[in-house]
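The values are calculated or read from the model by the stated rules, or taken from the named source; none is laboratory data. Because the structure is predicted, anything quoted here is derived from the model rather than measured. Here the Cβ is made from the backbone with ideal geometry for all residues, glycine too, and neighbour counts use every protein chain on show.
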Amino acid sequence: MIKDIDDREMPLLDHLLELRNRLMYSAAAILLGFVVCYFFSEQIYAFLVRPLAAVYEGQTGRRMIYTSLTEAFFTYLKVAFFAGAFITFPFVATQLYLFIAPGLYRNEKQAFLPFLIATPVLFFLGGAMVYYVIFPLAWRFFVSFETAGGAGTLPIELEARVGEYLDLVMKLIFAFGLCFQLPVALTLMGRVGLVTADGLARNRKYAVVGVFVVAALLTPPDIISQLGLALPILALYEISIHLVRLAEKKRDEAQAAEEAAADDD
């Protein structure tokens, strides 16, 4: 029988107080990140605009506009908030772990720690992929619809609004970051027996359909962005099957060891 559980007896009120404290720490971290990032909001926004600026490289007269008096100001506020939430995500994930850790066995904590580390890594990896791979391809695709005009027609040129551009960029970054958590989520579900590797493999065809539906909902209506999200998720799904199979093997070995120890007792 396992006796190394960290089971500090806590009444409901203490659990609620612990939850409140963790939420307050997380909110304070996000607020601090927001304040710090606000001082660099212009530079952060310039970094986010860089993929579009690269498409316009060598062209003159290109600009971004805002059509509301307060649009630029609130855009910088949103830039600071999203950047602050992005960089403090590991701390928030740690607070979540510290809240649930007292109810875990020590061996469960050791098994959970790799997922705690993998979560922010995969989140940042998803954000990096959309910034360095998807944005250049998607922006070139959208800008290709510009026309020079001619006799009897007017040119069609893109003058992107700062607010709309930021909303699209942050939506894609967070969508990719969250979707890259698929291996972590499925592996954890596999460890507790909610899913099996054989079940995931057997339902692969439904997963493919679901992934493309999700990609269509989360990305702009162009095939580049949709494939850019769907294909990595499908690859992560296949990786998840192998990770779940490994988790099942370790779980079976642990159960066999427990049964053997119980028989010896």
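Overview of values
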{"item": "Residue in region 62-101 that is nearest to the chain's Cα centre (by Cα), counting only those that are not charged (D, E, K, R) and not in a helix (DSSP H, G or I)", "result": "T88"}
{"item": "Of residues in region 165-197 being assigned to a helix (DSSP H, G or I) and touching an Asp or Glu at 6+ places or on another chain (Cβ under 9 Å), the one farthest from F123 (Cα to Cα)", "result": "A197"}
{"item": "Failed condition for T119, given (1) of a type in the set (S, T, N, Q); (2) out of contact with any strand residue (DSSP E or B) (no Cβ under 8 Å at 6 or more places or on another chain); (3) free of Cβ contacts under 8 Å to residues at least 40 places away in the same chain", "result": "(3)"}
{"item": "Residue pairs meeting the criteria (Cβ under 6 Å; at least 6 apart or on separate chains; first modelled with pLDDT of 90 or more, in region 5-31; second surrounded by 13 or more Cβ atoms within 10 Å (Cβ to Cβ) and not β-branched (V, I, T))", "result": "Y25/Q95; S26/Q95; A29/F91; I30/G84; I30/A85"}
{"item": "Matching residues in region 198-219 - criterion: being surrounded by 15 or more Cβ atoms within 10 Å (Cβ to Cβ) and either touching a Gly at 6+ places or on another chain (Cβ under 7 Å) or of a type outside the set (G, A, S) (or both)", "result": "L200, V211, F212, V214, L218, T219"}
{"item": "Residue match in region 206-229 (condition: charged (D, E, K, R) and either farther than 30 Å from L77 by Cβ or at pLDDT 80 or above (or both))", "result": "no"}
{"item": "Residue within region 54-61 that is assigned to a helix (DSSP H, G or I) and either of a type in the set (V, I, T) or surrounded by 18 or more Cβ atoms within 10 Å (Cβ to Cβ) (or both) present", "result": "yes"}
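Residues checked against (1) modelled with pLDDT of 85 or more; (2) of a type in the set (V, I, T); (3) under 22 Å from I233 (Cα atoms):
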| site | (1), (2), (3) |
| --- | --- |
| I117 | no, yes, yes |
| F123 | yes, no, yes |
| G126 | yes, no, yes |
| M129 | yes, no, yes |
| F135 | yes, no, yes |
| A151 | no, no, no |
| P155 | no, no, no |
| D167 | yes, no, no |
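Each row is one residue, and each column tells you yes or no for (1) surrounded by 16 or more Cβ atoms within 10 Å (Cβ to Cβ); (2) polar (S, T, N, Q).
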residue	(1), (2)
K171	no, no
G177	yes, no
Q181	yes, yes
T187	yes, yes
